[in-house]
Structure formats: structure tokens, C-alpha cells
Amino acid sequence: MFGAPVATLLLLAIVVASAVALRWREDWLERGLFRPFWVTRRGQWGTVVSSAFLHADWPHLLFNAFTFWAFAFALERRIGSAAFALLYAAGIAGSAFGTWLQHRREPAYRTLGASGAVLAVLFASIVYFPTGSIYVFPLPVPLPAPLFALGYLAYTIWASRQDFGRVNHDAHLGGAVVGLVFVGITDPAAVALALSAWLG
């Protein structure tokens, strides 16, 4: 965790806030929910941020915390703390916008979780570490990072158009796109290097 103070603080905030809410303060979960239909009508802008630091259950928290831990620290050391903080904030905003765009006419829709921002970190990491591999359960072998990225984006676009499960695929898609666009804007040379590595 040395050399990555922002990632360290974010991970601690996510784990502590979610653990306290799940164990002792369930009212935090209700107040922190992001409701796209109501965010503008009732001025619930703070829920854009609060919902990104709370999780509905322990498996959701553990999965996001592990994924963040696996990619965030190396990425912050690579791009610097200021850029990493900006990326994470953009990931929160982008995932919330994707959710709002898809569900802004649904009064009952609500969501929690850091997944969108974590996906922004993951996809930015794929650009900066283009020769890396990613393990995807239950596959017994790791997938090359670009193959995972393409497959994940295709699946997320498809899943966001289906009507099943409790996963906010729109937030995932928004976060992933933000991660790629962020690197493209702030460090186009990294994108060129990644494309060179992928295309040989």
C-alpha cells in the first residue's frame, strides 16, 4: 500500500462504511441509496457519492474490495495520486450517469455499490498494463487483459438490456467506459502503447 495513499484511504472508507452499515447501521443503507428518478426531483445529489461507498451485502462488498485492491494500488503508483483521485471521482460520476440515463423514469429503482468506480480503475489498469492477465471465476486459466475487456463490455451491454438479477450493469458499463476515456484524454500515449502491445 506504500506509494498509494488515495487508494488506501478509499479502500478503508469503502470497507469501514459498508461494514458499519451492514452490521450496526442499516439506516445508512436506506439513506445512502441512489434513486435516479428522485435525485433531481428531491435534490438527493449526495446519494451519488454515498451509494458508491455502501454495499447491500457482504459478498458484494468483498468482491468489490478485492477487485479494487488487486488493481488500484499499482495504478495509483503509475499515474500519481491526483490523477487516480480524479479517475475514481469520474468513475463514480460516470456510473451514476449511466444508471440515471437508464432508470430515470423508474420511481422504484434504487442501487448501491462501488462497482462502477472500481470498473473505471480496472479498465484504466488494462490500458496501463496491457500485457497483464485477469482471472475470471470459474475459468481455470487467466484471460489476456484485452480479451477480458472486450468480452466484459459485450456482456455488460447485453446484460443491461435484459430484465433479470440485481446487478446494476448500467453502472458497470458507465464505469468501464469512463476508465477507458479517462486514459484516452489524460494520457493518449498510454493508449498508443497499449494498442501497440495488443496488435503486435
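The values are calculated or read from the model by the stated rules, or taken from the named source; none is laboratory data. Everything numeric in this text was worked out from a predicted model, so none of it was measured. Counting neighbours? That spans all protein chains shown, and the Cβs are built from the backbone with ideal geometry, glycine included. Just so you know, the surface numbers come from the protein's heavy atoms only, side chains and all, with ligands and any DNA or RNA stripped out. Shrake-Rupley method; radii C 1.70, N 1.55, O 1.52, S 1.80 Å.
Brief remarks on what is shown
- Note on region 152-175: residues that are open to solvent by 30 Å² or more (accessible area, probe 1.4 Å), at pLDDT below 80 and of a type outside the set (Lys, Arg) total 11.
- Extreme residue, nearest to Leu147 (Cα to Cα), among residues of region 110-133 that are open to solvent by 50 Å² or more (accessible area, probe 1.4 Å) and touching a residue at least 24 places away in the same chain (Cβ under 8 Å): Thr131
- Candidates Ala189, Ala108, Ala149 - the one that is part of a helix (DSSP H, G or I) and either modelled with pLDDT of 75 or more or within 18 Å of Ala7 (Cβ to Cβ) (or both): Ala189
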